[in-house]
Amino acid sequence: MSITSPNGVQSLESLLDSYLGFGVPQTGEIREGFIVADRNGDLLVDIGAKSEGIIPHSEVNSLSKQQRSTLTMGSPVRVCVIEPENARGDIILSYLKVSEQEDWMRAVELQKSQEICECEVIGFNRGGLLATFGSLRGFIPASQLGYTNQLNRAESAETQLRSMVGKVVSTKVLESDQEKGRLILSEMAADKELRAHNRAKRLEELEVDQVLTGHVINLTDFGAFIDIGGIEGLVHSSELSWKHVSKPSKVLSLGQEIQVKVIGIDHAKERITFSMKQLEANPWAKLNEIYEEAQLVDVTVTQLTRYGAFARISDEFRLEGLIHISELSSDHIKSPDEVVKKGEKLTVRIIRLDGESQQIGFSLKQVTDAAFMDSDLEAVETADEDAVDDAAEIAEDELMLDSAEIDQSESVAEFAE
């Protein structure tokens, strides 16, 4: 039975619902209600209709732990009407439809305000991380990972990204496009703000000579930037090691955990300088164990002055010493450039070792001095003897290996018989 009204046709049932105070749900309508029961995983919601609506268990199971924790008995909830009445007479509702719309609106606001939001990492792909943003999934590109999560070459990208799954990270919204379903997040942008906030406080807490643990966050040709937890500083190339380091990337990698010593703090410019080599054994302290006076060494001229030429030893320590102008030539000279040039490679003799003053004296003119002929010959003979001994050891090892192979062949032959 139906009753015709000026606006169209209404069923007797809908008129009765209106009379009893029930609002007939419409597809796509947003309603507020509260959860009244859990029926085999389906959530029953009172939305002021003639019967409770249902959030199907398939949707409930797809919710995150955080979302599910808010849907308890008696808790208020906003839902979208999907079907006013299905074949069984049930009202089908969706919590996610409303939640997703609200989250898109929140994403737009956060993009404008650039407030920091917390997201849980739930997966990854080759390009970066997947993270929850309420009911939505956001993407954190690998290039937008925070300083402590920067990918390094020590491990595969997949291993590093996988290790972040399950972690909660601070992010900012870089891009929000509901039409394209595109939500891009940045951990790096959030890191920058947090670090700036904590920087001044952290600077006040630091003291010169402190030894701290940090992570490598950037590598350049002139040094490495180290994060010590909310603030970063520089290890200049000259402070990486007592040994020669051609490039910082040869000894360090992004994300690597290292120990550093604070050697400088500039509060006005908010700059910190670190050293790694000051945590190593100082070669100047054991100078007489590494070198001997009268020893011949190869050097490279690094600087010319009016009183001589500075030269760096061509070994792993690369210590620098002075060839005084009086030790450059047996002839009288007025300027060092009459004998040597910057960058020139020479063989010189060590004539003075002073570890306490960190000074080494070289001589060019005494390289061929007859007084050192016997010691030079002895050094050459010792080197030759060492080479012979090494060759003998190698030959002996090869002989033992051949014998082992023969024994193994004989054993195989016996087994075959």
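Of the residues that make up region 57-76, is at least one buried (at least 20 other Cβ atoms within 10 Å of the Cβ) and at pLDDT 90 or above?
Step one: of region 57-76, the residues buried (at least 20 other Cβ atoms within 10 Å of the Cβ) are none.
No: zero hits.
Among the numbered criteria (1) in contact (Cβ under 8 Å) with a residue 40 or more places away in the chain; (2) surrounded by 17 or more Cβ atoms within 10 Å (Cβ to Cβ); (3) not assigned by TED's automatic domain parsing to the domain that holds R162, which single criterion is violated by I92?
(1)
From (1) over 20 Å from Q67 (Cβ atoms); (2) surrounded by 15 or more Cβ atoms within 10 Å (Cβ to Cβ); (3) of a type outside the set (F, W, Y), pick out the condition that doesn't hold for R153.
For R153, the failing item is (2).
From V121, V81, V108, which residue is assigned to a strand (DSSP E or B) and either free of Cβ contacts under 8 Å to residues at least 40 places away in the same chain or under 34 Å from the mean Cα position of the chain (by Cα) (or both)?
Numbers: V81 fails: either free of Cβ contacts under 8 Å to residues at least 40 places away in the same chain or under 34 Å from the mean Cα position of the chain (by Cα) (or both); V108 fails: assigned to a strand (DSSP E or B).
Answer to the check: V121.
Filter region 123-149 down to the residues that are of a type in the set (S, T, N, Q) and crowded, with 19+ Cβ neighbours inside 10 Å, then identify the one that is farthest from V216 (Cα to Cα). Before you say what the answer is, go through the steps one by one.
Restricting attention to region 123-149, the residues satisfying the condition of being of a type in the set (S, T, N, Q) are 125, 132, 135, 143-144, 148-149.
Then drop every residue that is not crowded, with 19+ Cβ neighbours inside 10 Å, which leaves 132, 135, 144, 149.
Details: T132: 28, S135: 35, Q144: 16, N149: 10 Å.
Going through the qualifying residues, I end up with S135.
On the basis of being in a loop (DSSP other than H, G, I, E, B) and outside the structural domain of L151 (by TED's automatic domain parsing), does S249 make the cut? Quick ask: steps written out before the conclusion?
On the way: in a loop (DSSP other than H, G, I, E, B): no; outside the structural domain of L151 (by TED's automatic domain parsing): yes.
Criteria not met by S249.
Within region 154-222, considering only strands (runs of 3 or more DSSP E) that don't extend past its boundaries, which have at least 2 residues that are among the aliphatic types (A, V, I, L, M) and closer than 30 Å to R271 by Cα?
Details: elements: 168-177, 182-186, 211-220.
In region 154-222, the matching strands (runs of 3 or more DSSP E) lie at 168-177, 211-220.
Would you mention how many residues in region 193-217 are among the small types (G, A, S) and either in contact with a helix residue (DSSP H, G or I) (Cβ under 9 Å, 6 or more places away or on another chain) or in the same structural domain as T148 (by TED's automatic domain parsing) (or both)? Reasoning before the result, please.
Filtering region 193-217 down to residues among the small types (G, A, S) leaves 196, 200, 214.
So of that shortlist, the ones also either in contact with a helix residue (DSSP H, G or I) (Cβ under 9 Å, 6 or more places away or on another chain) or in the same structural domain as T148 (by TED's automatic domain parsing) (or both) come out as none.
Residues in region 193-217 being among the small types (G, A, S) and either in contact with a helix residue (DSSP H, G or I) (Cβ under 9 Å, 6 or more places away or on another chain) or in the same structural domain as T148 (by TED's automatic domain parsing) (or both): 0 in total.
The values are calculated or read from the model by the stated rules, or taken from the named source; none is laboratory data. Please read all numbers here as calculations on a predicted model, not as lab measurements. Heads up, the Cβs are rebuilt from the backbone with ideal geometry, glycines too, and the neighbour counts pull from every protein chain shown.
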